[in-house]
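The values are calculated or read from the model by the stated rules, or taken from the named source; none is laboratory data. Just so we're clear, the structure is a prediction, and the values are computed from it rather than from any experiment. Every residue, glycine as well, gets a Cβ built from its backbone with ideal geometry; the counts of neighbours run over all protein chains shown. These accessible areas exclude ligands, DNA and RNA; they are computed on the full protein's heavy atoms, side chains included. Shrake-Rupley method; radii C 1.70, N 1.55, O 1.52, S 1.80 Å.
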Amino acid sequence: MSVTGSIHSFESFGTLDGPGLRSVIFLQGCSLRCRYCHNPDTWNLKGGKQMDSEEVIKEVLSYKHFIAKGGVTISGGEPLKQPMFALELLKRLKQEGLHTALDTAGSVPLEISKPVLDAADLILLDIKSLDDKQCFSLTGMGNAHTLATLAYCQATKKPVWLRHVLVPGWTLQKERLEDLASFLEGFDCIEQVELLPYHRLGQYKWEQLKLQYTLKDVPEPSEEDLRMARSIFEEHHLKVLMTSFSQEKEIKVG
């Protein structure tokens, strides 16, 4: 079955969005309005390029040889905003023998997301904040759907790479990190925790879109802060990957 969806862009050879060398498909549309979002141009569902699922698969297969030992990641925006499109892509990629990952904040109800979560080999789940009120202040939405997504992955034994952005004065606080690490320690489905240092590289996009970037005075985390954060999660027996997005990705528009 062919399904049409809205594509923001492609990254041909990604190394930050799952195991190995990967193709990353960025879908258009997101309900969250994260204060630190580095791709606010993905928010509007109607802002991308309309593509048929077979067109997308053909694009990915053109470099299958290079990603055969890695795979494909469906990202966004929020890919679960286009659940039928994301599901069809995942199914077709599996037919081609490729490992699949879904990069999501789990910001939609489970009755919508379950089939998509089930179809992916790996879930890259972004928890914005364990504190529901802070999550709402950071993103415009609470964390109920995200935590339900994590619980569902635990129940179905779906592998998860948990992601968390470290924002000084917000999420990068010792007590909050202790609470989050303690909470995550109880989930066997979590294979590793990726701690992502906050950066302002996407600020220019906000300015281009005439949006107010409210975190412009927030500094990037210090090395001492990052060591502190890492040690907290490791003390709770969690495997930690400290990922830096301090360089722009090369994105090829399809």
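Could you compute how fast segment 87-134 diffuses translationally, taking Rh as the Kirkwood radius over C-alpha pairs and applying Stokes-Einstein at 4 °C with viscosity 1.567 mPa s? Give it in µm² per second.
Calculated translational D: 109 µm²/s.
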Fill in the blank from the handout: If the chain between T4 and Q192 were fully extended at 0.36 nm per residue, the gain over the current Cα-Cα distance would be 64.3 nm
Fill in the blank from the handout: Residues whose modelled amide H sits under 5 Å from the amide H of G70, counting only those 5 or more places away in sequence or on another chain, are L21
Problem - Carbon + sulfur, % of accessible area of the chain - ligands and nucleic acids excluded, 1.4 Å - result: 52
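If you take every DSSP beta bridge whose two residues both sit in the chain, what share of them, in percent to the nearest 5, is antiparallel?
Details: 10 of 37 bridges.
Bridges in the chain that DSSP calls antiparallel: roughly 25 percent.
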Handout entry: Qualifying aspartates and glutamates (Cα of each under 15 Å from Cα of K210; at least 8 residues distant if same chain)
Key = D41
Practice task
For segment 1-72, would you read off the P(r) tail past 15 Å as a percentage of all alpha carbon pairs?
Solution key: 59
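What do you get for Rg/Rh of the chain when both radii come from the Cα atoms and Rh is the Kirkwood radius?
Numbers: Rg = 17.4 Å, Rh = 18.4 Å.
Rounded to two decimals, Rg/Rh equals 0.94.
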Problem - Filter on K64/K157; K64/K114; K114/K158; K133/K216 - keep pairs with C-alpha separation over 18 Å - result: K64/K157; K64/K114; K133/K216
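Per the Kirkwood treatment, what hydrodynamic radius in Å, one decimal, follows for segment 72-213 from the mean inverse distance over all distinct Cα pairs? Each step should come with its number before you reach the end.
Numbers: mean 1/r = 0.0625 Å⁻¹.
It is 16.0 Å.
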Problem - Neighbour-limited loop hits for trypsin sites (Lys or Arg not before Pro), segment 152-196 (at most 16 other Cβ within 10 Å; DSSP other than H, G, I, E, B) - result: K157
Handout entry: Gain on full stretching of the segment that runs from A155 to S182 - 0.36 nm per residue minus C-alpha separation
Key = 7.8 nm
Problem - log10 of Debye I(q)/I(0), alpha-carbon scatterers only, for segment 44-141 at 0.12, 0.14 Å⁻¹ - result: -0.43, -0.57
Handout entry: Cα centroid of segment 36-88 to Cα centroid of segment 189-222, whole Å
Key = 22
